[in-house]
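The values are calculated or read from the model by the stated rules, or taken from the named source; none is laboratory data. This is a predicted model, so every value here is computed, not measured. Cβ placement follows ideal geometry from the backbone for every residue including glycine, while neighbour counts extend to all protein chains displayed. Note: areas computed on protein heavy atoms with side chains; ligands, DNA, RNA excluded. Shrake-Rupley method; radii C 1.70, N 1.55, O 1.52, S 1.80 Å.
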Amino acid sequence: METLLSGGTRGVRRLHQLANSVIVFDEIQTLPINCIHLFNNSLNFLAAHCKTTAVLCTATQPLLHQVPNEHKGRLHLPAGNELMPDIGELFQQLKRVEILDKTTVAGWSLEEITALALEQMQLKTSSPYLGELCSILSRLTR
């Protein structure tokens, strides 16, 4: 970005090095909001006229291609540009935790919580401490 946007002639003399290249932008979500239009226009120019490929790396992809005013600078993304096209499926494959809301209006008594814990522990028999935990929970319900 310094090559394109810095003052003076030093950056312009390096512009040819960006042509036919791949530029990786890491943590692109940290791009200041007041620079989005300038950044989008710069990438559009590099892609259209210099045959440059840009890779935007981030866990939280900003919606640079959905900037409200297209004429000021909306990023032009070609179809099929995502490196991870089916993000929903990826989230499903990587899901490790499921949260169930078991709250009640009246709240839970100690016996009800203990019974629920016992039930859940018996479903998850992979714990090496299952027997010890079950005996502790059983004593609580007496």
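Look at the dipole of the chain built from charges on Cβ: of Gly11, Ile33, Ala106, the Cα furthest out on the positive end belongs to Gly11. Placing +1 on the Cβ of every Lys and Arg and -1 on the Cβ of every Asp and Glu, with no other charges, gives segment 1-104 a dipole of roughly 440 debye about its Cα centre.
Under the rule a/c < 1.5 gives rounded, and otherwise a/b versus b/c splits prolate from oblate, where does segment 64-129 land using the Cα gyration tensor? Write down the numbers at each step before the final one.
Numbers: a/c = 7.05, a/b = 2.46, b/c = 2.86.
Note, shape of segment 64-129 comes out oblate.
With protein chains left intact and a 1.4 Å probe, residues in segment 27-127 average 79 Å² of accessible area per residue.
Full extension of the chain between Leu5 and Cys57 gives 16.6 nm of extra length, using 0.36 nm per residue less the Cα-Cα distance. 3J(HN,Hα) along segment 45-53, derived from phi through the Karplus expression 6.51 cos²θ - 1.76 cosθ + 1.60 where θ = phi - 60°, amounts to 5, 4, 6, 6, 10, 10, 6, 9, 10 Hz, with x in place of Gly and Pro. Around the amide H of Ala54, modelled in the peptide plane, lie the amide H atoms of Ile23, all under 5 Å away and 5 or more residues distant in sequence or on another chain.
GNM on the chain, alpha-carbon springs under 10 angstrom: the most fluctuating residue among Leu116, Leu18, Leu56 is Leu116. Heavy atoms only, probe 1.4 Å: what % of the accessible area of the chain goes to carbon and sulfur, would you let me know? Reported share for carbon and sulfur atoms: 58 percent.
Give me the number: length gained by fully extending Met84 to Ala115, i.e. 0.36 nm times residue separation minus the C-alpha to C-alpha distance, one decimal in nm. Numbers along the way, then the final one.
On the way: separation 31, 0.36 × 31 = 11.16 nm, distance 4.29 nm.
Going from the current span to full extension adds 6.9 nm.
The distance between label points at His16 and Val105 comes to 7.7 nm (points 7 Å beyond Cα on the Cα→Cβ vector).
Each peptide in 87-100, 64-77 receives the mean, over its residues, of other Cβ atoms within 10 Å, and ordering these scores from highest gives 64-77, 87-100.
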